Amino acid sequence: MSEPRLSALIVARNEADNLPGCLDSVAFAEERVVVVDSRSQDATLAIARAGAEVVTVRAFDDFASQRNAGRELATGDWILSIDADERVTPALEAEIRSAIRRADADGLVGFRIPIRSEILGRPFGYSGTQRDLPLRLFRRDLGRWTGQVHETVDLAGNVGRLAGVLSHRSLPCMRVFLGKIDHYTTLEASDLFRAGKRFQARDLTLRPFWVFLKLYLARQGFRDGLEGLMFCALSGLSVAVRTWKLREIELSRGAA
């Protein structure tokens, strides 16, 4: 029986600093597929063409569509979805190979992979993504992404969990952090409006504080130091920003 082929799928926009390391970490895959946002203004496209087997340039509409576009171009039996600022550790590489080799015998068509984040230059153990278990490895013919912003894989079949972790240099500095808040809250506000959600004052005045307290106290974000304080505070702020942008959408549609 032939070995299952693996396609590593990366979606990237202005990731010239991160993409080389990401591509290196998935060099074990038979195929590397990179979907480059057409609005990238750095060397992302050139780096992708030099280091990946399949590269496509696509105007961004939503994350699910970007990833599905890459999935359509991939030819591997399995998809490993990884972001440009993530890295496959050596232990995870070996586990991925073993997992997809025995997947049929185990009756599994996908695997969740833990993430360990470095935020503002510090490894996080409490208020970051250490609880996240996203579905990142799955049979290409059985899975497809859905959702406008926080996309998930719609997969038909049983899913397992790997022990190895993805290393995620998520928010290296404040400039990147604030830029991501701006980008994601715009997408989230549009998604909420399309879903019929409307502005509520409590989401602007109360919910940001609740998010901060949940992360900083309930999840012990204070143990992540000053970086944890900033992460928790800005996570709460992002809720207020998203809510305000939803209000702006409502007002603009009402005036139209």
*If you find the alpha carbon centre of the range 15-55 and of the range 202-245, how far apart are they in angstrom?*
33
*Ranking TYR126, TYR216 by Cβ neighbours within 10 Å, fewest first, what do you get?*
TYR126, TYR216
*Determine the gain in length on full extension of the stretch ALA201-ARG49; use 0.36 nm per residue of separation and subtract their C-alpha separation, reporting nm with one decimal.*
50.0 nm
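Quick check on the chain: of the DSSP beta bridges with both residues there, what percent are antiparallel, nearest 5%? Could you put the intermediate results ahead of the total?
Details: 15 of 37 bridges.
Of all bridge pairs located within the chain, approximately 40 percent are antiparallel.
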*Work out the FRET efficiency for PHE209 and GLU30 from their Cβ-Cβ distance, taking R0 = 30 Å, and round it to the nearest 0.05.*
0.05
_Quick check: pseudo-label points 7 Å beyond the Cα along Cα→Cβ at GLU3 and ALA163, how many nm apart are they?_
2.2
*Where in the chain are the DSSP H helices whose C-alpha atoms run 27 Å or more along the long axis and whose mean Kyte hydropathy is at least 0.0?*
225-255
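Subtracting the Cα-Cα distance from 0.36 nm times the residue separation, let me have the gained length for CYS173 to SER38 in nm, one decimal. Please report the intermediate quantities before stating the final value.
Numbers: separation 135, 0.36 × 135 = 48.60 nm, distance 2.43 nm.
Extra length available between CYS173 and SER38 comes to 46.2 nm.
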*Spin-label pair ARG58/HIS183, simplified geometry with 7 Å Cα→Cβ offset, distance in nm*: 1.6
*Give me the distance in nm between label points sitting 7 Å out from Cα along the Cα-to-Cβ direction at GLU72 and SER252, one decimal.*
2.7
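Bear in mind these aren't lab numbers, they're just calculated from the coordinates by the rules spelled out. Note that the coordinates shown come from a computational prediction; the quantities given were computed from them, not determined experimentally. FYI the Cβ positions are ideal-geometry reconstructions off the backbone, even for glycines, and counts take in every protein chain you see.
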